[in-house]
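> Provided herewith is a single structure, encoded as structure tokens, for subsequent inquiry.
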Amino acid sequence: MEKIRASIIGGSGYTGGELIRLLLFHPNVELCEITSESLVGKYIYKAHPNLRKSTNLKFSSLSEIENCDVLFLCMPHGQSQKSIETYKQKAGKIIDLAADFRLKDLAEYEKWYGHSNSNPTALSEFVYGIPELHRDEMKSSDFVSSAGCNATVSILSMYPFYKEGLVDTERTVIEVKVGTSEGGNKYSASSHHPERSGSLRSYMPLQHRHSAEIVQELSFDEKISVNFSATSVDMVRGVLATIHLFTNEKLNDKDVWKLYRKYYYDEPFIRIVKEREGIYRYPEPKLLIGSNYCDVGFAVDDTSNRIVLIGAIDNLMKGAAGQAVQAFNIINGLEETTGLTFPGFHPI
Ligand SMILES: NC(=O)c1ccc[n+]([C@@H]2O[C@H](COP(=O)([O-])OP(=O)(O)OC[C@H]3O[C@@H](n4cnc5c(N)ncnc54)[C@H](OP(=O)(O)O)[C@@H]3O)[C@@H](O)[C@H]2O)c1
């Protein structure tokens, strides 16, 4: 089979680095160009030292980018919508990792991002990028907007409950603990080592934009609301979501097992993690580092209708590059797991 020619815009950043790592070893991909304005002409390993000897490619400039089959966009928010028409001239298929085209309702986009979207028609062209929810739409689409990392783990943890109409929709509380790489590779006062090391910082107790994605994806018969908070913790990669979900009727352990199995038994990248003993009884982000898995677990509160859902991912993998490659496989008619079937590390 002829290889699919893929290029990456914004490849010197953290999600770009993970995409390069995945695509270099993907059996159906020829990785063509990777752009960085700050490192143009330099070897890829200058930004991604883990890839030394894996490739001799150098960074190109945006102005040099040639036509290819698939373009991955890994730029800061707001850039894709400005130049999407130019990118469409370069490639028939596009996967955007930023938030530019995730929200389908323009008014919601404006509310959460505080400005109008400069390419509103593209909002409906791009399929929201969680394959477990949208693989059928992806099969007939050329454009995918990868989901936010916190949204991904939250949605996957809760999806079966909302889809089945089991949730008391006013009461859900989601608390995510996130690693530093979520913020990308640009330095800031808050990422300065003395300020960041050892910290446990409530950085977004309210108004996190990923709430809007969760509401969009989990509203079926009615528009739901969720109470979402994010805390940054002292780790580089990983997201742990602890979700307090209240059901309309009391469920027990067996019911929840049955529900998760119904939706996720055949899912190649979702694992149900709930053990009675040992230290790894629930999902833990550390074990997922570098892998495309999303682990989901739960504990049922005997005294109320509350179920605590626990979800974990690597934000740069299932929350970004891994999810994007999964979508790439689908839109190109490949086996969905191609180039992604490896576990994380242990111990790490
Ligand atoms: N980090 C995560 O966990 C995560 C997860 C899911 C989604 N995302 C989203 O994915 C996108 C990339 O995130 P990241 O963490 O990889 O960010 P990053 O580490 O800051 O990298 C951003 C990249 O974009 C390039 N860039 C900056 N301005 C540009 C412009 N105007 N035109 C073209 N390229 C430009 C930068 O390259 P040069 O400056 O060298 O040109 C750099 O390679 C963001 O929209 C982010 O929200 C991130």
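Read-outs throughout are calculated quantities, based only on the coordinates presented, and are distinct from any laboratory measurement. As the structure is a computational prediction, the values presented were derived from the model and not from experiment. FYI the Cβ positions are ideal-geometry reconstructions off the backbone, even for glycines, and counts take in every protein chain you see.
> Arrange the following residues from fewest to most other Cβ atoms within 10 Å of their Cβ: Phe342, Phe246, Phe59.
Fewest to most other Cβ atoms nearby, the residues stand as Phe342, Phe246, Phe59.
> Ok, one more. Looking at the chain as a GNM with Cα springs under 10 Å, which of Met158, Met75, Met204 has the largest mean-square fluctuation?
Highest fluctuation of the listed residues: Met204.
> In the Gaussian network model of the chain, springs joining C-alpha atoms below 10 Å, which of Gly297, Gly198, Gly319 carries the largest mean-square fluctuation?
Among Gly297, Gly198, Gly319, the largest GNM mean-square fluctuation belongs to Gly198.
> How far is it, in nm, from the label point at Asp136 to the one at Ser188 when both lie 7 Å from their Cα along the line to the Cβ?
4.0
> Here are some pairs, Lys42/Lys93; Lys163/Lys258; Lys111/Lys223; which of them have Cα atoms lying more than 18 Å apart in this structure?
Violating the 18 Å Cα-Cα cut-off are Lys42/Lys93.
> Now a separate question. Would you calculate, for the chain, the mean residue ellipticity at 222 nm contributed by helices, counting each DSSP H stretch of 4 or more residues as -39,500 (n - 2.57) and dividing by all residues, to the nearest 500?
-8000 deg cm²/dmol
> Continuing with the same structure: Using +1 at the Cβ of each Lys and Arg and -1 at the Cβ of each Asp and Glu in the chain, identify which of Pro76, Asn252, Phe298 lies farthest towards the dipole's positive end.
Most positive-ward Cα: Pro76.
> The chain: D in µm²/s via Stokes-Einstein (Kirkwood Rh, Cα pairs, 20 °C, 1.002 mPa s)?
Estimated via Stokes-Einstein, D reaches 104 µm²/s.
> Now, a different point. Give me Rg/Rg_expected for region 150-313, where Rg uses Cα atoms only and Rg_expected = 2.2 N^0.38 Å with N residues.
1.05
> Then there is this: So what's the net charge close to Phe269: Lys and Arg +1, Asp and Glu -1, counting the other residues with Cβ under 14 Å from its Cβ?
Residues close to Phe269 contribute a combined charge of -4.
> Based on Cβ point charges of +1 for Lys and Arg and -1 for Asp and Glu, what charge dipole magnitude is obtained for region 1-155 about its Cα centre, in debye rounded to the nearest 20?
For region 1-155, the charge dipole is close to 620 debye.
> Then there's this: Which aspartates and glutamates, if any, have their Cα less than 19 Å from the Cα of Lys286, not counting same-chain residues under 8 positions apart?
Glu18, Glu175, Glu182, Asp234, Glu275, Glu277, Asp295, Asp314
> Explain nothing, just the number: dipole magnitude of the chain about its Cα centre with +1 on each Lys and Arg Cβ and -1 on each Asp and Glu Cβ, in debye rounded to the nearest 20.
Roughly 980 debye for the chain.
> Something else about it: For the chain, what's the relative contact order in percent, using C-alpha pairs closer than 8 Å and at least 6 residues apart?
17 percent.
> Still on this structure: Principal axis lengths of region 4-125 from Cα atoms, whole Å, largest first?
Result for region 4-125: principal-axis Cα extents of 47, 25, 25 Å.
> Continuing with the same structure: What is the spread of the Cα atoms of region 227-348 along each of their three principal axes, largest first, in whole Å?
Result for region 227-348: principal-axis Cα extents of 46, 35, 31 Å.
> Quote the charge dipole size of region 225-339 about the Cα centre in Debye, to the nearest 20; the model charges only the Cβ of Lys and Arg (+1) and of Asp and Glu (-1).
With Lys and Arg at +1 and Asp and Glu at -1, about 120 debye.
> Hey, another quick one. Listed highest first by mean packing, meaning other Cβ atoms within 10 Å per residue, what order do 48-54, 141-147 come in?
The peptides rank, most packed first, as 141-147, 48-54.
> Within the set of other residues whose C-beta is less than 13 Å from the C-beta of Arg5, count the net charge using Lys and Arg as +1 and Asp and Glu as -1.
So the surrounding residues net to -2.
> Test of understanding: in a Gaussian network model of the chain with alpha carbons linked when under 10 Å, which of His210, His77, His192 would top the mean-square fluctuation ranking?
Of His210, His77, His192, the Gaussian network model singles out His192 as fluctuating most.
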